[in-house]
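Here is the structure we will look at.
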Amino acid sequence: MTTDALDPMIHAPARLRMVVTLANLPDGDQLSFPRLQEMLGLTPGNLITHLRKLEEAGYVATEKTGHGIWSRTTVTLTDHGRAALAAYTAALRDLLGEL
Amino acid sequence: MNQAPDTNEIADADEGELAPAQAARLIKQTTRQAKRQFQLQSPWVTLLGAAAWLAIYGTIWLSVRGQNPYTGPTVWALLVVFVLLVFIVIGNSVFLRRRTAGISGRSRRQGAYIGAAIATAFVAAYLFMGALRYLGVSYGVVYGVYAASGWLIVVGAAAVAVAATQQDLPNLYLRIALVAIAAGSSFAGPVGVWLSMGVGGFAVLLVFAAYQVRLRLQ
């Protein structure tokens, strides 16, 4: 059983949970940074590290609105990210027989 | 207010080895957790709603039982109903605020539009009740039959349309069942309608809560 077929950008526990969580949001919705952090139980630094990687790959999009203490960062899964997750789960199915 | 990410705190990237079976388990577990946290309904809330429904209709039925001619619920019964309604509104608001915290976008806007549509149906239903009394319809029909079931037929029909457009089949069936109970209960007359609505609605909500529990266990 080899994991080479699995997208390394998603095949890491924290990023996999991030992508799956965002994929369960209703279509067209964004999730705030603090809520995502609370749901995943990650530190802000850890979360932003993974978010940057996913954003560079085009899997998530972040948007910052407001200034200072009123600033708000929201995260959403892009169509590219959704397709990547679908391809990842398909590859997992192939590896395991059935997910 | 939304806390800004701490960009200085760059923790270890989580690059640990992940076996395919572990990944599959993680996907299932995360999906279940996310669905539960994003869902706007919960079996416990439905169960509480069923109990509140029975308490409200039961209280009024107890206060009007045996009335002939129908004179309507007593002040103490209306007071109990008012207190229960306040608890329901506050409890539901807290629950919804928690579930939708941090979520923005299309579903929030859609929720506001649906809320406006349901509120319009609700206000129109009660205005119509006032018009019926003004036009001389009997006290028992207006403050008995219509007050107990008429509003639910109007508001429920709007809610059925919402569930249909969202292709939300469980809620579609639930709302159709409640509207059917309201329509059927109307035949029970100004006193019996409260009992029929109370027991019928309670039973339907219990079945729906059981369905929600079954979904969670799958």
Per-residue mean of C-beta atoms belonging to partner chains within 10 Å, peptide A:70-82: 2
field: Extension gain from residue B:68 to residue B:112, taking 0.36 nm per residue of separation minus the Cα-Cα distance
entry: 11.5 nm
statement: Mean other chain Cβ within 10 Å across A:6-16 is 4
field: Cβ-based exposure ranking for A:67, A:80, A:50, in which fewest neighbours within 10 Å come first
entry: A:67, A:80, A:50
- request: Compute the distance in nm between two label points, each set 7 Å from the Cα along the Cα-to-Cβ direction, one at residue B:139 and one at residue B:55.
  value: 2.9
- prompt: Ratio of the range A:13-96's C-alpha Rg to 2.2 N^0.38 Å, to two decimals?
  reply: 1.12
- line: Excluding residues fewer than 8 positions from residue A:53 in its own chain, the lysines with Cα under 21 Å of it are A:64
statement: Note to self, the protein assembly as shown gives a 222 nm [θ] from helices alone (DSSP H runs n ≥ 4, -39500 (n - 2.57) apiece, / all residues, nearest 500) of -22500 deg cm²/dmol
query: Looking only at other chains, what is the average number of their beta-carbon atoms within 10 angstrom of each beta-carbon in A:47-57?
result: 3
query: Distance in nm between label sites at residue B:89 and residue B:168, each 7 Å beyond Cα in the beta-carbon direction?
result: 2.1
- prompt: Restricting to the range A:13-96, what percent of DSSP beta bridges are antiparallel, rounded to 5?
  reply: 100
- request: For chain B, just the Cα atoms, rotate onto the principal axes and tell me the three extents in Å, largest first.
  value: 77, 36, 34
Candidates per GluC sites (Glu not before Pro) in the range A:27-99, loop by DSSP, up to 11 other Cβ within 10 Å: A:98
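None of the figures in this text is laboratory data; all of them are computed from the coordinates on show. Because the structure is predicted, anything quoted here is derived from the model rather than measured. With ideal geometry, Cβ positions are generated from the backbone for all residues, glycine too; neighbour counts draw on all protein chains shown.
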